[in-house]
Amino acid sequence: MAKNTDPRLQQQVIYSVYVRAHTPEGTFRALIPDLDRIRALGTDIIWFLPIHPIGVQGKKGSLGCPYANRDYRSVNPAYGTMEDFRALVDEIHARGMKVMIDVVYNHTSPDAVLFREHPEFYYRDAAGKPGNKFGDWADVIDLDYRVPALWDYQIESLRFWAGIVDGFRCDVASLVPLDFWRAARAAVAEVNPDCIWLAETVHRSFAALARRLGFHAARDTDAYDAFDIEYDYDIREVFDRVLRKTAPLSQWLDLLEYQEAVFPANYNKLRCLENHDQPRIASVIRDEGALVNYTALLYFLKGTTLLYAGQEWEDTHLPSLFEREPIDRETGRDLSPLLRRLAEIKKARFAPEDAFWGQGDDGQRIAVLRRGDCAGAFSLDAKPGWVSLEQRLEIPDGVYENLLGGDAVPVRKGELFCAGRPAIFSLNG
């Protein structure tokens, strides 16, 4: 792990905001009235999807993608001014939360300020033309980190922003040389020694493809040398199959235990059900009882929890990255009370050094998990059932109080009764 990673990040909640979609106005200042509500969810950090100007050349949709960055050192005028953004940051800090911004360092838009000023900073294809290594990213061109001067420019940009915000979510971080991230972290620490570094480490299949094509893709075990938190995309594809019921629950739980075994002792994975690149979880899990179980399980997992704005209202529509589609706050559903309670449990009951292990009943799709001196039972189909406990779970017979409602969780003769609702309980009272 990075030498100064704060272990308390394990107990924290990140709330991800796409400024364009968060309010009807789609501006920095329009967000301010919503900050108290966001904080009340248990949020510790607000992560903004890219706030920079968006490229026009080759843009997707009518408004373009925020990941096609046109200028690293200014803000999207559609969102407001730099003064507006600083005012928003001040309001977030006043409420005890931190701010993280998205930095897209693998590529820029073709009409970026950087390309106009330094075309030598860019990757060239076999024909010598600027391009990208993956053809479906048609609105961007890749940077070339073999050019030392590019490192200086990018690090200076990070140092500028580190004087305003508290951390960075680094887009497709696996594709940018790890030595660059190490150097950037050291340089930024001179400005903000507590800066938080979150890596979008890529799906296992994507990393393997990149390597087969001869391109760099850092391994998750190595990336921890520069980052505090990594995506859990190394096992996401199996989780997605569990969602579709094409893979057994036990396979995913086995991979969670594999992470416990192979990563550094204080490793931190970002745990999410959805994000701006994944389908809305409520569009996949239509049964609200099952969704509640998945949500509680999310908070029980070891790692920083991520919520994507709108998840609390069980939004089913994923806002387009290329258009203005405000999130739907009038769904008639609201998970906020559950999210608040889960955040309280996460912060009060779970410790960074907790061990994690568990078992999955594949027939009933019920997970029984241990984390330190707490246990949890989660029915992914929201159906009741008795589960025969493996001895290694070390859950004695007894009647336990569910911290998510106060109902009883009985364990008799080595079997636990799951009522179909999520249960989290302490083994020490």
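Observations, loosely collected:
- In the range 102-151, the alpha-carbon atoms span a convex hull of 86 Å³ per residue.
- For the chain, with all protein chains in place and a probe radius of 1.4 Å, 51% of the accessible heavy-atom surface sits on carbon or sulfur.
- For the range 266-341, applying the loop criterion from DSSP together with a ceiling of 15 other beta carbons within 10 Å to the GluC sites (Glu not before Pro) yields E323, E330.
- Sparse packing (at most 10 other Cβ atoms within 10 Å of the Cβ) combined with a DSSP loop state is found for the following trypsin sites (Lys or Arg not before Pro) in the range 80-173: R146.
- If only the Cβ of Lys and Arg carry +1 and only the Cβ of Asp and Glu carry -1, the dipole of the chain around its Cα centre is close to 320 debye.
- Between G131, G363, G310, the residue with the greatest mean-square fluctuation in the GNM of the chain (Cα pairs under 10 Å linked by springs) is G363.
- Potential extension, A261-D328 segment - 0.36 nm per residue separation minus Cα distance: 20.1 nm
- GNM top mover of H118, H216, H276 - the chain, alpha-carbon springs below 10 Å: H118
- Dipole check for the range 102-232: with +1 at the C-beta of Lys and Arg, -1 at the C-beta of Asp and Glu, and the Cα centre as origin, the magnitude is about 500 Debye.
- Centre separation in Å (Cα based) which lies between the range 200-227 and the range 102-140: 20
- Taking every DSSP bridge with both residues inside the chain, close to 55 percent are antiparallel.
- Fraction of the pair-distance distribution of the range 204-329 above 22 Å, Cα-Cα pairs, percent: 43
- Mean residue ellipticity at 222 nm, helices only, the chain: -8000 deg cm²/dmol; runs of at least 4 DSSP H residues each add -39,500 (n - 2.57), and the sum is divided by the number of residues.
- Convex hull volume per residue for the range 332-398, taking Cα atoms only, in Å³: 125
- If you wrap the tightest convex hull around every Cα atom of the range 209-248 and split its volume per residue, you get 91 Å³.
- Every Cα-Cα pair of the range 40-180 was included, and the share exceeding 26 Å stands at 26 percent.
- Measure of compaction for the chain (Cα Rg per 2.2 N^0.38 Å): 1.00
- For the chain, the solvent-accessible area with a 1.4 angstrom probe is 39 square angstrom per residue.
- Sparsely packed GluC sites (Glu not before Pro) within the range 173-271, loop by DSSP, other Cβ within 10 Å at most 14: E190
- A Gaussian network model of the chain, with springs between Cα atoms under 10 Å, assigns the largest mean-square fluctuation among D361, D34, D71 to D34.
- Which of F160, F378, I54, positive extreme of dipole for the chain (C-beta unit charges): F378
The values are calculated or read from the model by the stated rules, or taken from the named source; none is laboratory data. These numbers come from a predicted model, not from an experiment. Backbone-built Cβ (ideal geometry, glycine too); neighbour counts: all protein chains shown. Ligands, DNA and RNA are excluded from the accessible area calculation, which covers all protein heavy atoms including side chains. Shrake-Rupley method; radii C 1.70, N 1.55, O 1.52, S 1.80 Å.
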